[in-house]
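Shown next, in structure tokens, is the structure this report addresses.
The values are calculated or read from the model by the stated rules, or taken from the named source; none is laboratory data. If you're wondering where the values come from, they're calculated on a predicted model, not measured in any experiment. Cβ placement follows ideal geometry from the backbone for every residue including glycine, while neighbour counts extend to all protein chains displayed. Protein only, heavy atoms only, side chains kept; ligands, DNA and RNA dropped before computing areas. Shrake-Rupley method; radii C 1.70, N 1.55, O 1.52, S 1.80 Å.
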Amino acid sequence: MEIKKAAFYKSMKKSVDYPGGDLPEIAFAGKSNVGKSSLINYLANNSKLAYVSKQPGKTRLINYFLINGSFYLVDLPGYGFARVSKTERKSWAEMMRDYFKVAQKLKALVILIDIRHNPTNDDMQMIEWAAHFGVPFMIAATKADKIAKSKRFHYVVQMAKYIGGMLDMDLDIDIVPVSSTDKKGKEDIIAYMEKMIAEDVPE
């Protein structure tokens with residue numbers, strides 16, 4: 001699959017804002033400074049599609065992008081930003097629960113985690129939510145350009161072990177090192193998205 005057309009569709013804050021319809025969705029989630037907007041822009045071949053802020057935590061809504069007129073790429077608001085108030089954290093959690101409850105066409109979740117660090121508690125909560133709601137997920141290990149190519153596989157293995165240990169289960173997790181800076185991982189993520197929406201995309 002090649003993304004030839006990508007455009008902002010609408011934003012959602014509460015379940016009543018959910019766009020509905022029959023198109024499948026692939027959602028992207030991650031910490032506020034993990035590089036989510038940059039990755040979305042890289043995948044869509046559009047440097048201005050998702051807003052890239054110099055101040056992490058600016059995306060406070062769930063943003064829908066229509067891709068190739070056949071599915072939605074859903075940009076979930078970033079989490080784990082220290083300057084966000086308790087009220088805003090609570091609002092974020094409620095927004096996420098509402099989304100997972102109403103998103104009947106959600107086919108998969110792409111969770112972005114900095115390849116250089118173990119997943120945070122917030123990352124683990126997102127993984128647990130995906131498991132709870134029965135949503136397949138993969139992990140995009142961002143900022144891969146920050147470590148040597150020869151060490152990336154080691155970091156991926158360590159991340160998989162850490163997640164499995166935290167969940168107390170042996171999981172077969174797709175973890176793909178990605179970097180919009182050195183153009184790494186795009187094909188793997190797009191192939192995953194294509195596979196997950198294959199049954200729902202109109203011919």
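Key figures for this structure:
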{"quantity": "Subset tally (residues that are at pLDDT 90 or above and within 17 Å of the chain's Cα centre (by Cα)) for the stretch 12-37", "calculated": "7"}
{"quantity": "Hits in the stretch 7-54 (condition: of a type in the set (F, W, Y), part of a loop (DSSP other than H, G, I, E, B) and either at positive phi or surrounded by 15 or more Cβ atoms within 10 Å (Cβ to Cβ) (or both))", "calculated": "Y18"}
{"quantity": "Test: residue in the stretch 63-73 that is at pLDDT below 90, part of a loop (DSSP other than H, G, I, E, B), farther than 20 Å from S179 by Cβ and open to solvent by 20 Å² or more (accessible area, probe 1.4 Å)", "calculated": "no"}
{"quantity": "Residue match in the stretch 132-145 (condition: of a type in the set (A, V, I, L, M, F, W, C), over 17 Å from L76 (Cβ atoms) and either loosely packed, with under 12 Cβ neighbours inside 10 Å or in contact (Cβ under 8 Å) with a residue 60 or more places away in the chain (or both))", "calculated": "no"}
{"quantity": "Cβ pairs under 7 Å, 6+ apart, first in the stretch 174-195 and within 14 Å of L109 (Cβ to Cβ), second assigned to a helix (DSSP H, G or I) and of a type in the set (F, W, Y)", "calculated": "D174/Y192"}
